[in-house]
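Engineer: I'd like to ask some things about the structure below.
Computed from the coordinates by the stated procedures, all read-outs in this text should not be read as laboratory data. Every value quoted in this text rests on a predicted model; they were computed, and no experiment measured them. So basically every Cβ, Gly included, is an ideal-geometry build from the backbone, and we count neighbours across all protein chains shown.
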Amino acid sequence: MTLLGSPVSEGKAQDAAIKQKTVELQKVMKRLALLQSHDALVLLKNSLEMPKLLYLLRTLNCSACPLLADFDRTGLCTILNVDLYENQWLQASLPVADGGLGIRSAQMLASSAFLASAASTLTLPRVHPA
């Protein structure tokens, strides 16, 4: 069951939503493969990968979901046409100023995105039933 495009509970619904986002990213990657690598990387980094997943990360606590690792590497490995090992992926996810590509990791952002969303609701007025 989903509410406003986000699963209501963790488990199968959460896994299905992340798998759907991964499938959508794979479809986009077929089109990005037609562009030059640098242009494709800029589009992936700034508008296609994390911005498409961020709503799901903010509305559902998926920090312990192992499917996020697949989502992280799907686009980058396709564009660069290489398989990235763990240490290579960690370097690619560093900011550009620190020698990385600036690709944000969904696994690393999941907990902070959810907590930021939860913290932003603390200032909302409480509604008490009559």
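Engineer: So, with +1 on the Cβ of K and R and -1 on the Cβ of D and E, and no other charges, what is the size of the charge dipole of the stretch 1-116 about its Cα centre, to the nearest 20 debye?
Structural biologist: Value, rounded to 20: 360 debye.
Engineer: Tell me the relative contact order for the chain as a rounded percent, counting alpha carbon contacts under 8 Å between residues six or more apart.
Structural biologist: In percent, rounded to a whole number, it is 27.
Engineer: Which helices pass in the chain if a helix is a full DSSP H run, must span at least 20 angstrom along its long axis by Cα, and must have mean Kyte-Doolittle hydropathy not below -1.0?
Structural biologist: Those that pass (Cα extent of 20 Å or more, hydropathy at least -1.0) are 12-32, 67-80, 106-120.
Engineer: Using the number of other C-beta atoms within 10 angstrom as an exposure proxy, rank 105, 111, 9 with the fewest first.
Structural biologist: 9, 111, 105
Engineer: Counting residues in the stretch 9-117 as N, plug N into 2.2 N^0.38 Å and put the Cα Rg over that result.
Structural biologist: Here the Cα radius of gyration is 1.04 times the empirical estimate.
Engineer: For residue 23 and residue 3 in the same chain, what is the full-extension length gain: residue separation times 0.36 nm, less their Cα-Cα distance, in nm?
Structural biologist: Net length gain for the segment: 5.1 nm.
Engineer: Separate question: Report the Cys residues of the chain lacking a disulfide-compatible partner, meaning no second Cys Cβ under 4.7 Å from their Cβ.
Structural biologist: Within the chain, the cysteines lacking a partner Cβ under 4.7 Å are 77.
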